[in-house]
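First up is the structure itself, then whatever we jot down about it.
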Amino acid sequence: MDKTLLIIMAKWHAFGRCKTRLSKDIGKNNSAKVQSVMTKHTISVAKSLQKIKPIDISIAISGLGVKNCRRWSTELGIKKFNLQGKGCLGEKMKRQIIINKKFCTQNKIKNFIFIGTDLPDLCHLDLLNTMGELKQNDLILGPSNDGGYWLIGLSEKIISKYLNLPFIKIKWSKENVLKNTIDNFASTNLKYKFLDNKIDIDTIIDIENRK
């Protein structure tokens, strides 16, 4: 199985600056706590997989400066971190690939997997399944309830030849993100596969729909 870099897109759980839609229903303090718990769960799942499979973990952080990012990353038990930087989500993910290219070459890493920190039901099998599917496919997508995706897996072929395709011509945070992503690959012969649908926790309705 090819070695994989798992990049976790994480936002610091600052009071009043995370889960703003959820905070309207449960309050800023509680929404920050929810964000913190889900982030720690995501990290725990990733680290449990790292014990049994060839992956490296990098956390891409927004909402903190370099010094505090290093401190938080250390607290979470993740050695490798980068700042997300400015721009839309697509620009931030593409930036992480570019930043990590040298590291991946040195460590013979071929595939990339991106996940967020909004999935309380994420488990290591989701990531294990993605790694397996990347042996036969170039693009892996985990559809989410809001029309986007909770995971995207990219093969070495996409990284080396089609890096722009997953991230261009997309209106991020809109309901057609998943569709737009697939449309970008329509003129290629690249193979893609969907994982199971999951619910990102962004509002109180998302929490209620999980019951």
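Taken together, the values in this text are just the output of simple stated rules run on the coordinates, not laboratory data. None of these values were measured; they are calculated from a predicted model. Ideal geometry is used to build each Cβ from the backbone, glycine not excepted, and the neighbour counts take in all protein chains shown.
Compute the signed sum of charges (Lys and Arg +1, Asp and Glu -1) over the other residues within less than 11 Å, Cβ to Cβ, of V45.
Numbers: positive: K40, K47; negative: D121, D126.
The answer is 0.
Which shape class, rounded, prolate or oblate, goes with the range 85-191 when its Cα gyration tensor gives a ≥ b ≥ c as root eigenvalues, a/c under 1.5 marks rounded, and past that a/b bigger than b/c marks prolate?
Judged from the Cα gyration tensor, the range 85-191 comes out rounded (a/c under 1.5).
Stretched out fully, how many nm does the piece from Q106 to K86 gain, at 0.36 nm a residue minus the Cα gap?
4.5 nm
Quick check: residue separation of S48 and K174 times 0.36 nm, minus the Cα distance between them. What number comes out in nm?
42.1 nm
Can you list residues from other chains, or at least 5 along the same chain, whose modelled amide H is less than 5 Å from the amide H of W150?
Under 5 Å from the amide H of W150: G142, S144.
Can you pull out the chymotrypsin sites (Phe, Trp or Tyr not before Pro) in the range 144-185 that DSSP calls coil and that have at most 13 other Cβ atoms within 10 Å?
none
Each residue of the range 53-68 in turn: what ³J(HN,Hα) in whole Hz from Karplus with 6.51, -1.76, 1.60 and θ = phi - 60°, glycine and Pro shown as x?
So the J values, rounded to whole Hz, are 9, x, 10, 10, 10, 10, 10, 9, 10, 10, x, 9, x, 4, 4, 6.
Normalising by the residue count of the chain, find the relative contact order in percent from Cα pairs under 8 Å and 6+ residues apart.
Working: 353 pairs, mean separation 49.4, N = 211.
Relative contact order for the chain comes out at 23 percent.
For the range 29-95, run through the trypsin sites (Lys or Arg not before Pro) and keep only the ones in DSSP coil with at most 15 other Cβ atoms within 10 Å of their Cβ.
K51, K79, K86
Among the lysines, which have Cα under 21 Å from the Cα of K67 when same-chain residues fewer than 8 positions away are ignored?
Partners within reach: K11, K40, K79, K80, K86, K92.
What is the dipole size for the range 3-209, taken about its Cα centre, with +1 at each Lys and Arg Cβ and -1 at each Asp and Glu Cβ, in debye to the nearest 20?
1080
Taking a spot 7 Å from the Cα of D121 along the direction of its beta carbon, which residues of the range 34-75 have an amide N less than 20 Å from it?
Output list for this probe position: 34-46.
Among I140, I99, which comes first, second and so on when ranked by fewest other beta-carbon atoms within 10 Å?
I99, I140
Rounded, prolate or oblate: pick one for the range 48-96, where a ≥ b ≥ c are the square roots of the eigenvalues of its C-alpha gyration tensor, a/c under 1.5 means rounded, and failing that, prolate if a/b is larger than b/c, else oblate. Don't jump to the answer; show the numbers that get you there.
Numbers: a/c = 3.33, a/b = 1.34, b/c = 2.48.
It comes out oblate by the Cα gyration axes.
Which residue, chosen from L125, Q136, S173, occupies the Cα position most advanced towards the positive end of the dipole of the range 98-211, where the dipole is computed from +1 (Lys, Arg) and -1 (Asp, Glu) charges on Cβ about the Cα centre?
Going by the Cα projections, it comes out as Q136.
How long are the three semi-axes of the equivalent ellipsoid of the chain, in whole Å, if each is the root of 5 times an eigenvalue of the C-alpha gyration tensor, listed from largest down?
So the three semi-axes of the chain are 25, 21, 16 Å.
Could you derive backbone 3J(HN,Hα) for the range 77-85 from the dihedral phi with the Karplus parameters 6.51, -1.76 and 1.60 (θ = phi - 60°), listing whole Hz in sequence and x where the residue is Gly or Pro?
x, 10, 6, 9, 8, 9, 6, 5, x
For the range 161-175, just list the computed ³J(HN,Hα) in residue order, Karplus coefficients 6.51, -1.76 and 1.60, θ = phi - 60°, integers in Hz, with x standing in for Gly and Pro.
Calculated HN-Hα couplings, in order: 10, 10, 4, 6, 4, x, 10, 9, 6, 10, 8, 5, 6, 9, 6 Hz.
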